[in-house]
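The values are calculated or read from the model by the stated rules, or taken from the named source; none is laboratory data. All values reported here derive from a predicted model rather than from experimental measurement. Here the Cβ positions follow ideal geometry from the backbone for every residue, glycine too, while neighbour counts run over all protein chains shown. Note: areas computed on protein heavy atoms with side chains; ligands, DNA, RNA excluded. Shrake-Rupley method; radii C 1.70, N 1.55, O 1.52, S 1.80 Å.
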Amino acid sequence: MTAPVHLPTREELGAALSEAARAWLDRALTEAGVEAETEVGTAAGCGSGSGAESGAGAGPAAGAGAAVNGGSAAVSGAASASVSGAAPVSGAGSAYRAGAAAVPGAASAPASGVGAAYRAGAVPGPGQSGAARGAARWEALFAQAGRRCGHEHADAVRVLLLRAAHPGPETLTRLYGQGTAAERRAVLLALPALVPGPAALPLVRDALRTNDTRLVAAAVGPYTAVHLDAHEWRHAVLKCLFTGVPVTAVAALAERARGDTELARMLDDQARERTAAGRPVPDDLRYTLTLTAPRAATATGEES
């Protein structure tokens with residue numbers, strides 16, 4: 001059974017890493033921060049030019065970036081098709097990782113063969129755009145996190161790198177589409193800090209379509225709690241129950257489940273089906289069903 005996602009703090013992570021790994025992480029975070037500042041400065045200087053993260057021609061502003069300001073931008077290009085159901089991620093993703101294909105139709109996509117270069121840590125020559133520099137530097141470090149800091153710490157290290165680099169939805173979509181399962185998981189875990197609106201929901205939906213329990217657990221975090229609609233959220237809860245992901249991984253479960261009569265009906269149906277088939281009803285299902293009860297009214301008429 002997959003445990004709920006917990007990421008250590010920077011201090012906890014530093015205490016757990018070797019001296020060499022801490023030094024690598026410090027350099028990587030500095031590199032990611034420099035790249036983020038460079039891209040912000042380049043975009044500000046270019047105005048409506050071709051800055052990185054430009055879904056409609058506008059470069060990112062300081063912080064989350066203009067492309068995600070207020071959550072108004074959608075994930076664009078063919079890369080978004082790969083995570084929205086229009087095109088499968090799995091087939092293309094393996095081609096990206098093998099370096100056999102670039103993201104078709106996306107202006108910010110890496111050239112053929114660059115997926116392998118990320119993992120080798122290759123750095124391109126001078127004169128390339130900010131987007132290309134980011135792809136070859138901090139994204140290379142993002143891919144190397146498990147090897148450099150240990151796979152048990154890779155999630156936390158990658159999330160720190162993403163927060164330092166502050167990529168927008170377009171880059172996150174590319175990282176997710178061409179990434180390994182571990183890299184995709186880190187993207188999902190970092191979404192609450194990077195995307196203020198619903199632009200990254202295609203990534204969540206793609207993860208929820210998989211049977212990878214660690215991806216599912218990462219997909220039902222705080223970002224999903226805020227942005228996924230009621231219908232899809234209920235099915236996300238059921239997905240956790242079906243795949244054995246503890247419902248404690250579902251952010252804001254008690255708040256969203258309270259008084260949800262449709263979720264209660266779906267859970268009750270599942271419990272009845274399992275009982276009729278002679279199968280045990282999981283404790284998580286029973287627990288979630290209790291959460292769907294509305295709050296009791298007090299003598300003053302207020303909910304308790």
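Of the residues making up the stretch 184-213, those that are crowded, with 22+ Cβ neighbours inside 10 Å and closer than 23 Å to Gly150 by Cα number 8. Please verify whether the stretch 214-221 includes one or more residues that are assigned to a loop (DSSP other than H, G, I, E, B), among the β-branched types (Val, Ile, Thr) and open to solvent by 10 Å² or more (accessible area, probe 1.4 Å). No. For the stretch 163-174, the criterion of a residue being surrounded by fewer than 24 Cβ atoms within 10 Å (Cβ to Cβ) and at positive phi is satisfied by no position. Kindly indicate whether any position in the stretch 229-239 is touching a Phe, Trp or Tyr at 6+ places or on another chain (Cβ under 9 Å) and crowded, with 17+ Cβ neighbours inside 10 Å. No, the conditions are met nowhere in the stretch 229-239. All of Ala207, Ala186, Ala225 fail the test of being of a type outside the set (Phe, Trp, Tyr), free of Cβ contacts under 8 Å to residues at least 24 places away in the same chain and either assigned to a helix (DSSP H, G or I) or closer than 20 Å to Val157 by Cα (or both), apart from Ala207. Filter the stretch 284-300 for residues that are modelled with pLDDT of 95 or more, open to solvent by less than 60 Å² (accessible area, probe 1.4 Å) and of a type outside the set (A, V, I, L, M, F, W, C); which is nearest to Pro246 (Cα to Cα)? Among those residues, the one meeting the criterion is Asp284.
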